[in-house]
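Working notes, beginning with the structure itself.
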Amino acid sequence: MFRQRTTIFNPLSTHDNVVQKADQAEFAVQPAENSFFLVENKYTVSQSSAFSKFDLVKQLRIQSSDNSFPEDRVFNYRLSEGVNVYVTPQHVKTDEDKQEFFGQVRSLLNKLLDIEVNKENWTKSVNALHFHSAERPRLDVSILNLEKSSELKDSINFDLSYNSGSGVVFKQLYSVDSPLSIRKQNGLYKEIGLFLVDEQISSKDDVVLSGLRVVFGDDQEEENVFKTLFHTKPRHRYIDTGIDSHIEENGLHPLLHTSFAQEVTPPEDSDVQECNLYYYVSLNKSLIFDEFQSIPNGAKLVVNQGSRDLELPEYKVGEWGNEVLFEFANFSAPSIDFPLHSRYQKPSNETDSTEIYNSLPLIFYGCSVRDDYLLDKSPFDTKQTIGGNYESYFTNDTVFYHFTHNSGSSVVVNVPHGTSDFDSVNTITTIAVVIGSAIILFSLLKASFRSSTLSEKKKQ
């Protein structure tokens, strides 16, 4: 049995002509012309027998984002692009338990995401093991038996949280620009909300949502449509200043350059107390972070989790890469330059370089605020004990003001590599070894024969 909460966010200033039907059996809405809805489905599964065989997994959180909703004021899926996985163990005491735990996690992720994550691929994060990939795998939620919900979509933006003591919460976010109809289904509890931001009484630190709430259930009351107005204190907020990030090629030493469209200043909302600028990035293992040479001017290194080896080639590194967080105090520069180094790649005759795609950096102000107890009272708050990328490194009284990358931003690095053919090199090396061994053997036999001949002559 699961519960479903569907939240429909209307980005316009009015609900006029949006609601097409609202009764005991159906709730139908239609976005205005040239507009859209943001829709979040949240499914709460109290227990899932499919997870019972993964008894060494205490918590699992899988978050995926393509940052396609950059200025969403209600939901937060602002993460390193791609997939982010966090996991914690339980009842693990021996080396055998550890091996079994990593085996269970590998099997679970293979089933959910169709990816292979081995023991050596994980890095440490706050209170959890962490895996990141800039690729965006599709999530197979059949393990949760959610197929009964007609609102379930195939979405890249999702957040799945499993806790061995309380079950599973699965959220997904998508947009629709066509009519949307949600019907009552027997045996399934549905709560639907249609909201917009009341701009007349809202601010960045106090967002007021106005709209309707509709309840479908087997024991629903005769009145199931309710006008609703409520306040949220958002943890994630947005700054109008745009930014651009791209790679400046420099052989094996590329530079990740980020520029601001205009001068930036710390937020001044009424609840803000103290702010610093932060730069967070998940680095592909093909890119080396050197904490002695790679720190941008004016920055302080706060977090460096992941591979610390500065010499190994890419194919010898087990971890997925590095998680890096910088802090800037009194930031006033027009840009940030992040020097990087590239790991050697496997030789290939097909090309003379390997193209590496990396997630864009996340740049934001982190600010302490008053009345922080209101932050986690929002039904859309995302902070948990594990996961959230940068969120996990900040205290509960922190809010985040995000800068938004322009559409042309990307982090693509062309890493040069050798063009030798491994098979040819292996064959030539083998022939050289054989010839060298033959020469040595011939010389030894020749010396032995000469020694024997001399001995025979002396006897005569």
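Do we find that P70 is in contact with a Lys or Arg (Cβ under 9 Å, 6 or more places away or on another chain), at pLDDT 95 or above and surrounded by 13 or more Cβ atoms within 10 Å (Cβ to Cβ) in this structure?
no
Just wondering, is there one or more residues in the range 237-244 that are touching a His at 6+ places or on another chain (Cβ under 9 Å) and of a type in the set (K, R)?
So far as the range 237-244 goes, yes, one or more of its residues are touching a His at 6+ places or on another chain (Cβ under 9 Å) and of a type in the set (K, R).
Which of the following residues is over 23 Å from the mean Cα position of the chain (by Cα), of a type in the set (K, R) and in the same structural domain as V215 (by the TED database): K58, K42, K53?
One residue alone meets the criteria, K53.
Hey, could you check the range 203-227 for residues that are in a strand (DSSP E or B) and under 30 Å from the mean Cα position of the chain (by Cα) and say which is nearest to K148 (Cα to Cα)?
Of everything passing the filter in the range 203-227, L209 is nearest to K148 (Cα to Cα).
Scan the range 211-220 residue by residue and report those that are crowded, with 20+ Cβ neighbours inside 10 Å and under 22 Å from F36 (Cβ atoms).
Hits for the range 211-220 are G211, V214.
Does Y315 satisfy the condition of being among the aromatic types (F, W, Y), touching a Lys or Arg at 6+ places or on another chain (Cβ under 6 Å), open to solvent by 10 Å² or more (accessible area, probe 1.4 Å) and not assigned by the TED database to the domain that holds V85?
The answer is yes for Y315.
Quick one: V281 ticks every box in (1) more than 21 Å from V83 (Cα to Cα); (2) part of a strand (DSSP E or B) bar one, so which box is it?
Answer for V281: the failing condition is (1).
Could you name every one of the strands (runs of 3 or more DSSP E) located completely within the range 145-202 that has at least 3 residues being of a type outside the set (A, V, I, L, M, F, W, C) and free of Cβ contacts under 8 Å to residues at least 40 places away in the same chain?
none
Return the only residue of E199, E151, E147, E191 being open to solvent by less than 40 Å² (accessible area, probe 1.4 Å) and either of a type outside the set (F, W, Y) or at pLDDT 95 or above (or both).
E151
A quick yes/no check of all residues on (1) open to solvent by 20 Å² or more (accessible area, probe 1.4 Å); (2) on the phi > 0 side of the Ramachandran plot; (3) in contact with a helix residue (DSSP H, G or I) (Cβ under 9 Å, 6 or more places away or on another chain); (4) among the hydroxyl-bearing types (S, T, Y):
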| position | (1), (2), (3), (4) |
| --- | --- |
| P266 | yes, no, no, no |
| D269 | yes, no, no, no |
| C275 | yes, no, no, no |
| S282 | no, no, yes, yes |
| K285 | yes, no, yes, no |
| I288 | no, no, no, no |
| E291 | yes, no, no, no |
| N297 | yes, no, no, no |
| L301 | yes, no, no, no |
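Within the range 230-283, can you find the residues that are farther than 18 Å from F364 by Cβ and of a type in the set (S, T, N, Q)?
Residues satisfying the conditions are T232, N250, S270.
State whether one or more residues within the range 228-248 are open to solvent by 30 Å² or more (accessible area, probe 1.4 Å) and small (G, A, S).
Looking for residues that are open to solvent by 30 Å² or more (accessible area, probe 1.4 Å) and small (G, A, S), one finds none in the range 228-248, hence no.
For the range 391-416, how many residues are within 29 Å of D352 (Cα to Cα) and assigned to a strand (DSSP E or B)?
Total meeting the criteria: 6.
Mind counting the residues in the range 38-58 that are within 14 Å of I192 (Cβ to Cβ) and either loosely packed, with under 15 Cβ neighbours inside 10 Å or of a type in the set (K, R) (or both)?
Of the residues in that region, 1 qualify.
State which residue pairs qualify: first residue closer than 30 Å to Q99 by Cβ and inside the range 56-71, second residue of a type in the set (D, E, K, R) and at pLDDT below 85 in any location, beta carbons under 8 Å apart, and separation of 6 or more residues or different chains.
S64/R136
Within the range 19-37, track down each residue that is buried (at least 20 other Cβ atoms within 10 Å of the Cβ) and of a type in the set (A, V, I, L, M).
If the condition is that a residue be buried (at least 20 other Cβ atoms within 10 Å of the Cβ) and of a type in the set (A, V, I, L, M), then V29 is the only one that fits.
Among the residues of the range 75-92, is any in the same structural domain as A134 (by the TED database), without any contact (Cβ under 8 Å) to a residue 24 or more places away in the chain and out of contact with any Cys (no Cβ under 7 Å at 6 or more places or on another chain)?
no
The values are calculated or read from the model by the stated rules, or taken from the named source; none is laboratory data. Keep in mind it's a predicted model, so treat the numbers as computed, not measured. Because the Cβ atoms are built from the backbone with ideal geometry, glycine has one as well, and the counts that use them run over all protein chains shown. When the accessible area is computed, the model is the full protein with side chains, heavy atoms only, and any ligands, DNA or RNA have been set aside. Shrake-Rupley method; radii C 1.70, N 1.55, O 1.52, S 1.80 Å.
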